[in-house]
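In what follows, a structure is listed as structure tokens, so that the remarks can point back to it.
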Amino acid sequence: MNPASAAGISKQRQDLGSSKASRWALTRRQYKKNKYLFLLLAPVIIWYAIFAYGPMYGIQLAFKDYFIRDGIWGSPWVGFKHFEYLFTGSPDFWKIMKNTIVISFYHIIFGFPAPILLALLFNELRFSLFKRVAQTISYLPHFLSWIVIGGILITMLSPNSGVVNYILGYMGIEPIYFLGSESYFRFTLVVSGIWKEVGWGTIIYLAALTSIDSQMYEAAVLDGANRWKQTLYITIPSILPVIAILLILRVGGVLDAGFDQILTLYSPAVYGVADTLDTYVYRIGLQNFQFSLTTAVGLFKNVVGLMLVLFANFVTKKMGQEGLY
């Protein structure tokens, strides 16, 4: 290497080092300048460290035979024993997996579009008082727990004294045991889930609708577009990025079929169509104390959820929409 080349490389290294030092000094000054803002952020970081990242320590239970007397560290390693049991030895796992996917699929197909449609309907209302009252009424069920909602549904859907079966009987239809029949239980889950959460789900979409430039609608009116065409060609495309992001997140939770709702409403009579991964974990883990097996189920759910989020984000970006990153 000639002296000129060596000197050039040495100068480049010095410039790179000085550039890094200047960036580091700038970063330190910015942190020092905004130190009180970081103090405000500290409680959030501490909360996540304790309640979100701290429990990850327990993931190792999925690879151990956990004994309470030995603790997590003292329990023996068994490798993938619990995963092998789930996939090959458990007589109920694949049926439970099917129930979870089917119920989540129903929630996505029927429940995901519901708040979008309701937000579009609210957006078309011009009588502000009626609009506010309707929004408030649609929000209210969200603030009730599934225990309360479950009591209401059990009373209303009772085959003997429920108001729904009373109306069906008045129409000449035989009473239907909605919560005790495998044919109707999933239908009841989806409808009650939509009723409880549809109003709350409209908040994000209504916020997105308010950000649409009103001049676009004025130009569409001048071009002769009616309300339907304005919705089809302006409103929906404008909120499509928000829809895409929420759909990605919803797909990532496809193995979460609604534990609170199902646990409140189901019974042994409908285990065949209602037993999901979450209720299985509750029954096996908390009632039978098989903590290692249920940790394996939880880890499996999280890995699958992460893969689904990445896949949905990839497909969304390939379709020209903005993803999560």
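The values are calculated or read from the model by the stated rules, or taken from the named source; none is laboratory data. Every value quoted in this text rests on a predicted model; they were computed, and no experiment measured them. A quick note on method: Cβ atoms are made from the backbone with ideal geometry, for glycine too, and the neighbour counts reach across all protein chains shown.
Figures for the structure shown
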{"quantity": "Matching residues in the stretch 153-182 - criterion: being polar (S, T, N, Q) and modelled with pLDDT under 90", "calculated": "S158, N160, S161, N165, S181"}
{"quantity": "Which numbered condition F291 misses (of (1) over 26 Å from the mean Cα position of the chain (by Cα); (2) buried (at least 20 other Cβ atoms within 10 Å of the Cβ))", "calculated": "(1)"}
{"quantity": "Total residues in the stretch 274-318, condition among the aromatic types (F, W, Y) and either over 25 Å from V78 (Cβ atoms) or not assigned by TED's automatic domain parsing to the domain that holds T100 (or both)", "calculated": "2"}
{"quantity": "Test set (1) closer than 23 Å to Q261 by Cα; (2) without any contact (Cβ under 8 Å) to a residue 12 or more places away in the chain; (3) surrounded by fewer than 18 Cβ atoms within 10 Å (Cβ to Cβ) - Y106 fails condition number", "calculated": "(2)"}
{"quantity": "Number of positions in the stretch 79-114 that are assigned to a helix (DSSP H, G or I) and over 19 Å from the mean Cα position of the chain (by Cα)", "calculated": "13"}
{"quantity": "Subset of the stretch 115-150 that is surrounded by 12 or more Cβ atoms within 10 Å (Cβ to Cβ) and not in a helix (DSSP H, G or I) - its residue that is modelled with the highest pLDDT", "calculated": "L144"}
{"quantity": "Positions within the stretch 36-72 being under 17 Å from Q290 (Cα atoms) and among the hydrophobic types (A, V, I, L, M, F, W, C), in sequence order", "calculated": "I59, L61, A62, F63, F67, I68, I72"}
{"quantity": "Pairs where the first residue, in the stretch 125-146, is more than 16 Å from T210 (Cα to Cα) and the second is among the polar types (S, T, N, Q) and surrounded by 13 or more Cβ atoms within 10 Å (Cβ to Cβ), C-beta under 8 Å, 6+ apart", "calculated": "S138/T202; W146/Q261; W146/T264"}
